[in-house]
Amino acid sequence: MHRLKYLPVARKDLRNIVSYIADILKAPQAALDFVDTLDHAITRLQQFPYSCKVYQPVEPLEVEYRVLPVNNYLVFYRVSAQEIEIHRIVYAKMDLNSILL
């Protein structure tokens, strides 16, 4: 089974998402539900790391990302022999190319 590793920017993304849902949208239960759903989806990646499609942007990237959709968000990750690195967790309607380039 692969180890999970969250990059610092992915941890920050998650904190910002939870804060936005709980504080701005005034839906703390929805924030907790999102964290549970995200945790379940990412844990499943440990068993099936190649189950999500490769992200194919308009312009090629230096590295290959896979993308896991979770509700209205996308989790961008990379798979190595022993590890799954979570790189970003972003709102699906954002300009993804500007975030990942």
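Overview of results
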{"read-out": "Of Ala41, Ala22, Ala81, the one that fluctuates the most in a GNM where the chain has Cα springs shorter than 10 Å", "value": "Ala81"}
{"read-out": "FRET efficiency, Asp23 to Val70 (Cβ-Cβ, R0 30 Å, nearest 0.05)", "value": "0.90"}
{"read-out": "Within a Gaussian network of the chain (alpha carbon springs, distance under 10 Å), most fluctuating of Leu45, Leu32, Leu14", "value": "Leu32"}
{"read-out": "Extended-chain gain in nm, criterion 0.36 nm per residue less alpha-carbon gap, Val35 and Phe48", "value": "2.7 nm"}
{"read-out": "Estimated inter-spin distance, Asn97 and Gln56, nm [label 7 Å along Cα→Cβ]", "value": "1.6"}
{"read-out": "Student exercise, the chain dipole from Lys, Arg, Asp, Glu Cβ charges, in Debye to nearest 20", "value": "120"}
{"read-out": "For Tyr73, residues with placed amide H under 5 Å, excluding near neighbours", "value": "Ala92"}
{"read-out": "Dimensionless Rg ratio for the chain, taking C-alpha atoms and the 2.2 N^0.38 Å reference", "value": "1.07"}
{"read-out": "DSSP-defined antiparallel bridges as percent of all bridges, the chain, nearest 5", "value": "75"}
{"read-out": "222 nm mean residue ellipticity, helices alone, for the chain (DSSP H n ≥ 4; -39,500 (n - 2.57); rounded to 500)", "value": "-11500 deg cm²/dmol"}
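Just so you know, all these numbers are worked out from the coordinates, no wet-lab data involved. Just so it is clear, the structure is predicted and the values come from calculations on it, not from any experiment. Positions of Cβ are generated from backbone atoms using ideal geometry, with glycine treated the same way; all protein chains shown enter the neighbour counts.
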